[in-house]
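The values are calculated or read from the model by the stated rules, or taken from the named source; none is laboratory data. Values in this document were obtained by computation on a predicted structure and should not be read as measured data. Because the Cβ atoms are built from the backbone with ideal geometry, glycine has one as well, and the counts that use them run over all protein chains shown. These area figures cover heavy atoms from the full protein model, side chains too; ligands, DNA and RNA do not enter into them. Shrake-Rupley method; radii C 1.70, N 1.55, O 1.52, S 1.80 Å.
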Amino acid sequence: MTWMIIRLVLSLAFIAAVLLFAARVAKKRGLGQGNGVIEIVARQRMGRTSTVNVVRVGDVVLVVGATEEQVTLLAEVDPESVDLVLHPAAADEDGDDEPAAHRPALVARSTSPALAGSVFDRNGWGSLVNQMRERTVRRS
């Protein structure tokens, strides 16, 4: 009985040593680490299999929707506004007398052609609302 316990402990120690060695080799080769060009700034789950990610690629900040089947570009966001939203304390130290409540919120660029014609297109929804207002206004 004691021989089985000793054998079990030695087997577990051997497996732990192999895992530690593999982790060191992976760390030396840089496996599992990014090169700093692509950074996920924020991630929000929208459902069981869908997320919205804010990704910084170099100097460009993209809002990307991801599901099991596909990845879709939703918007391109101004990098300064992302930094302002993520680090409001650093913006306060810059000497701005403007309170945080009056600062502009995170707004997608209106010139992004990726959203043209989609349900996320601001101009499309605006024109729909204006058409509905026109049809529902009471005229005397």
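Every residue, every condition in (1) at positive phi; (2) loosely packed, with under 11 Cβ neighbours inside 10 Å; (3) part of a helix (DSSP H, G or I); (4) at pLDDT below 90, yes or no:
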{"residue": "V18", "(1), (2), (3), (4)": "no, yes, yes, no"}
{"residue": "L31", "(1), (2), (3), (4)": "no, yes, no, yes"}
{"residue": "G36", "(1), (2), (3), (4)": "yes, yes, no, yes"}
{"residue": "E39", "(1), (2), (3), (4)": "no, no, no, yes"}
{"residue": "V61", "(1), (2), (3), (4)": "no, no, no, yes"}
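Contact annotation: no residue pair with Cβ atoms under 7 Å, 6 or more positions apart or on different chains, pairs a residue in region 41-54 that is closer than 24 Å to H87 by Cα and without any contact (Cβ under 8 Å) to a residue 12 or more places away in the chain with a partner that is of a type in the set (K, R) and open to solvent by less than 40 Å² (accessible area, probe 1.4 Å).
Would you point out which residue out of D121, D78 is more than 30 Å from G36 (Cα to Cα), at pLDDT 65 or above and open to solvent by less than 90 Å² (accessible area, probe 1.4 Å)? Testing whether each residue is more than 30 Å from G36 (Cα to Cα), at pLDDT 65 or above and open to solvent by less than 90 Å² (accessible area, probe 1.4 Å) leaves just D121. When region 41-50 is filtered for residues that are part of a strand (DSSP E or B) and more than 8 Å from the chain's Cα centre (by Cα), only R45 remains. When V57, V9 are checked against the criterion of being under 28 Å from L84 (Cα atoms) and surrounded by fewer than 12 Cβ atoms within 10 Å (Cβ to Cβ), a single residue qualifies: V57.
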